[in-house]
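Enquirer: Can you read through this structure? Questions will come right after.
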Amino acid sequence: MVTVREARPRNRFEVLVDDEVVGFLVYHEEEGRVAFPHTEVDPRHQGHGLAGRMTATALDAARQRHQQVLPYCRFVAGFIARNPEYADLVPSAERAAFGLTTVPE
């Protein structure tokens with residue numbers, strides 16, 4: 001069974017397979033913004049969409065908290081590019097810096 005949870009004391013989201021943490025997405029919050037600098041999934045579990053599930057959960061949480069998103073992690077920026085429904089979370093003036101020039105305003 002796959003679950004995603006937020007581990008606030010560690011400033012990260014975690015993805016678990018059968019109650020084992022197999023990946024995480026680190027975040028830093030500051031003044032209405034959340035930065036995502038790093039995502040990692042154990043090589044044994046890569047290629048199964050776990051990082052995507054974790055990223056979607058983290059972005060949904062940012063939306064619920066009314067936070068702007070700074071996707072410093074290349075995976076998170078790529079996820080947003082492939083899922084433009086999240087593009088509005090990234091400040092429009094900063095999208096180009098994250099390679100998000102083709103997503104809608």
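Enquirer: What is the one condition in (1) within 14 Å of the chain's Cα centre (by Cα); (2) assigned to a strand (DSSP E or B); (3) under 20 Å from Thr3 (Cα atoms) that Glu29 does not satisfy?
Expert: So the condition that Glu29 fails would be (3).
Enquirer: Another question, then. Name the single residue that is surrounded by the fewest Cβ atoms within 10 Å (Cβ to Cβ) among those in segment 38-48 being assigned to a helix (DSSP H, G or I) and not charged (D, E, K, R).
Expert: Ranking the candidates gives Pro43 first.
Enquirer: To continue, here is another question. What pairs come up if the first residue lies in segment 47-69 and is basic (Lys, Arg), the second is assigned to a loop (DSSP other than H, G, I, E, B), and their beta carbons are under 9 Å apart, counting only those six or more places apart or on different chains?
Expert: Arg65/Gly32
For every residue, the table says whether it meets (1) out of contact with any His (no Cβ under 9 Å at 6 or more places or on another chain); (2) at pLDDT below 95; (3) hydrophobic (A, V, I, L, M, F, W, C).
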| position | (1), (2), (3) |
| --- | --- |
| Val4 | yes, no, yes |
| Val34 | no, no, yes |
| His45 | yes, no, no |
| Ala56 | yes, no, yes |
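Enquirer: Another question about this same structure. Hey, among the residues in segment 1-18 that are part of a loop (DSSP other than H, G, I, E, B) and touching a strand residue (DSSP E or B) at 6+ places or on another chain (Cβ under 8 Å), which one's farthest from Arg74 (Cα to Cα)?
Expert: Met1
Enquirer: How about segment 10-37: which of its residues are surrounded by fewer than 20 Cβ atoms within 10 Å (Cβ to Cβ), charged (D, E, K, R) and without any contact (Cβ under 8 Å) to a residue 24 or more places away in the chain?
Expert: Arg10, Asp18, Asp19, Glu20, Glu30, Glu31
Enquirer: Hey, among the residues in segment 66-97 that are in a helix (DSSP H, G or I) and more than 13 Å from the chain's Cα centre (by Cα), which one's farthest from Glu14 (Cα to Cα)?
Expert: Ala93
Enquirer: In addition: Report yes if Arg63 is over 10 Å from the mean Cα position of the chain (by Cα) and of a type in the set (Lys, Arg), otherwise no.
Expert: Yes, satisfied.
Enquirer: Let me ask something else about it. Does at least one position in segment 49-58 carry a residue that is in a helix (DSSP H, G or I), of a type in the set (S, T, N, Q) and under 12 Å from the mean Cα position of the chain (by Cα)?
Expert: yes
The values are calculated or read from the model by the stated rules, or taken from the named source; none is laboratory data. Small disclaimer: the values here were computed from a predicted structure and weren't measured. Cβ sites come from the backbone with ideal geometry, for glycine too, and all protein chains shown count toward neighbours.
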